Amino acid sequence: MRLNRIVPKWIKNYQRQWLHADMTAALVSGMLLVPQGLAYALLAGLPPHVGLYASLIPLIAYATFGSSSAMSVGPAAVLSLMTVSALSPLAAVGSPEYITAAIMLTLLSGVFLFAMGLFKLGALSNLLSHPVINGFVSGAAALIIVGQLPAILGVEADGETASVKLFHVIENLPQAHIPTMAFGIATAILLITSRLWLPITLFRLGVPKQIARLSARLMPMLLVLCAIGLVHWFKLEDKLVIVGNIPSGLPKLILPGFDGGLIYQLLLPALIIALLGFVESLSIAQSLAARRGERLNADGELLGLGAANITSAISGGLPVAGSFSRTAVNAEAGAVSPLAGVLAALLMIPILLYLTDLFSKLPLTVLAAIIIVAAAGLFDFRGFIHNWRYDRTDGIAMACTFAGVLLFGVEVGIALGIGLSFATLIWRSSRPHIAVVGRVPGTEHFRNVLRHDVETQSDLLFLRIDESLFFNNISAVEDRLLSELKRHPATRELVLILSSVSRIDGTALERLHQINKDLRSRDIRLHMAEVKGPVLDRLSRSKLLEKLTGRIFLSAYIAELALLHGEDPAAAADTAT
C-alpha cells in the first residue's frame, strides 16, 4: 500500500499508446540538452561537464515528484547568471572551491524548494509580481548578452557592471580575433535566421507545421555538430578557443562537505535562486497546463524542483529549473507524460560514456552565440508596453527592476524587484477605492454615482469601500469620509457599504471608534451595510457595535428603506450576511 502511494500517478495511469509519442519527444528535446547544458555551465563559471550532469538525474527526480506532463527541467540561463553572481565574490571562477560552493548552492536551493513543498507553500509563487519578474529576467538577459560578447568576438573585457564591460568590449573591438568572431557571428546569424524564417519557409515548401517549428528549435544542436566538424576537418584547435577536455563517465553520487561558514554565506542566494526558479518554472508549467486543459499542483512543482536540485547537487551539477525552449520543444514533439523527460535523461548516458571527446572540440564562441540568442528571447518588450498602458505602476516596477539589474547587478536588481512588489502592494492598499453610490431606479442595486444614472437623497449618504481596512489605509478612508461630508453638508445618515471588506485590523477599529464619536458630535449617525460574517464576528467582540450610533443592515437597499421610510425596521436592523 505504501509503495502504491510512492509511485507517481502518471505511471499508474500510463497508457501503452503514449509510448511512441514520448519516445519521439525525448529524442527531440534530448538533442537540446547537450548544447544548453554545456553553454549554461560555462555561463555559470563551471566546467562544461557539470551542465551535462545536471541534465541526467534531475530530470528523473522531477518526473517522480512534479505535476507537469511535459515541462523539461535542466540548466537555465538566468539561474546560471545568478549562480556566478552569488559565487564569484566567494571564490575564483572555475576553482575547486568555486565548484564546491556551486554544489552547495544547488543543494541548499533544492532543500528550500523541497521543504516549501512539504509545508504546502505553493502560494509563495505570488511573492513577486509578474511585471517585476519580467523586468528581472529582461535585465538578466541583457547582462548575459553583454557577458558573452568577449567570448563571441574574441576580445578581452573586464568590469563589474554591464556598462563598464560593454565599454571595454567596444574599446577593444579593433583587436578582435577574426576566426573567433567569424564563427560566433555566423552561428548567431544562422540561429536568428532559423528562428525567424526557417519554419515559414519549410511550411511553404509543404513540410507539416509542427515539424517545421521543431526544425528551427533543433538548429542549435545542428550548428554545434557542424562547428565540431569544421574544427576537426580544418584542424582549427589551435586557432579557436575550444571547450577542451570533458571527462567521460557517469557522475558520482557524493554529498558535498558541510562547511558552516559557506552554508551561512549561501543561505540568502540559495533562497532567492529557489524562489525565482520556482516562479519561472511554475509560469512555464501553468501556460502548458492551460493549453492542455490539465490541472497543476504548485506544491507538487515545489517537490519536483526541490528533488531535481538536490539530486543535481549530489551528482555534481548546478541549479536547475524549467526551460522555456526545451519545454516548448518537448510539447511540440508530442510529449504526453513525464516519461519523455525520463527518456531524454537516459539519452545522456551514452553521451557521457562515449561522446564527450566529440564535444571537447566545440568552439566556445559557438556556445556564446547560442547563449546570446537564447537570452535575447527572454526580453519582454511587449510585456513592458502592455504593463505601461494598462497600469503605470506595474510598468514603472518592471522598468526599475530591469534598470536595477542592468546597472547594479543581480542581487541589487532582485532586492529592488522584491521591494517594488511589496511597495506596489502597500501603495495600492493604502489608497482604497471608495465610491459614493446611489440606487439604480426601479432596482435594489446601488452603483457609483459617477458611472451610472442613480437616485440619491440629500440627507442620506452611501459610501462603498472596496478594500479591507488596515493601519495603512484607514487614514485615507477617514479623509475621504470627511471630504464627502463637506460635499454633502445636509447628510444626517452615513451608510458604509462593506461588501468588499474582508478584514478590519485593530488600528482601523480604533479609528472607526473615533469616526463614530466625531460623527455623533456632528449629529450624524453611522451605519454599516452588507458586512461579511467573519468581519461581523470580530466586530461583535469589540465595543464598536455597542457604541455605534446607527445600525447594521443586511443590504444597502434595506438601509435606504429603513432610514428613509422606516419600512420593516426589525428585518433591517442587526442583520449581516
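Quick look at the numbers
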item: Qualifying residue in region 295-314 (condition: modelled with pLDDT under 90, on the phi < 0 side of the Ramachandran plot and out of contact with any Gly (no Cβ under 8 Å at 6 or more places or on another chain)); result: yes
item: Flag for L149 being under 27 Å from L46 (Cβ atoms) and part of a loop (DSSP other than H, G, I, E, B); result: no
item: Conditions (1) within 23 Å of I246 (Cα to Cα); (2) in contact with a Leu (Cβ under 8 Å, 6 or more places away or on another chain): number failed by S95; result: (2)
item: Residue within region 256-269 that is surrounded by 12 or more Cβ atoms within 10 Å (Cβ to Cβ), out of contact with any Ser or Thr (no Cβ under 7 Å at 6 or more places or on another chain), part of a loop (DSSP other than H, G, I, E, B) and not β-branched (V, I, T) present; result: yes
item: Those residues of region 150-185 which are in contact (Cβ under 8 Å) with a residue 40 or more places away in the chain and surrounded by fewer than 20 Cβ atoms within 10 Å (Cβ to Cβ), in sequence order; result: E160, T161, S163, P179, M181, I185
item: Within region 430-478, strands (runs of 3 or more DSSP E) holding 3 or more residues that are free of Cβ contacts under 8 Å to residues at least 40 places away in the same chain and within 20 Å of H527 (Cα to Cα); result: 460-465
item: Answer residue from region 37-81, given it is within 20 Å of the chain's Cα centre (by Cα) and among the β-branched types (V, I, T) and is modelled with the highest pLDDT among those; result: V73
item: Qualifying positions in region 272-325 - assigned to a loop (DSSP other than H, G, I, E, B) and under 19 Å from S337 (Cα atoms); result: G293, E294, R295, L296, N297, S323
item: Residue that is farthest from E560 (Cα to Cα), among those in region 461-498 that are of a type outside the set (D, E, K, R) and touching a His at 6+ places or on another chain (Cβ under 9 Å); result: I465
item: All positions within region 419-449 that are more than 24 Å from L469 (Cα to Cα) and surrounded by 16 or more Cβ atoms within 10 Å (Cβ to Cβ); result: R439
item: Residue count, region 157-185 (criterion: over 22 Å from V366 (Cβ atoms) and not in a loop (DSSP other than H, G, I, E, B)); result: 8
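The values are calculated or read from the model by the stated rules, or taken from the named source; none is laboratory data. What you are looking at is a predicted structure, and each value in this text was computed from that prediction instead of being measured. Glycine gets a Cβ as well: all are built from the backbone with ideal geometry, and neighbour counts include every protein chain shown.
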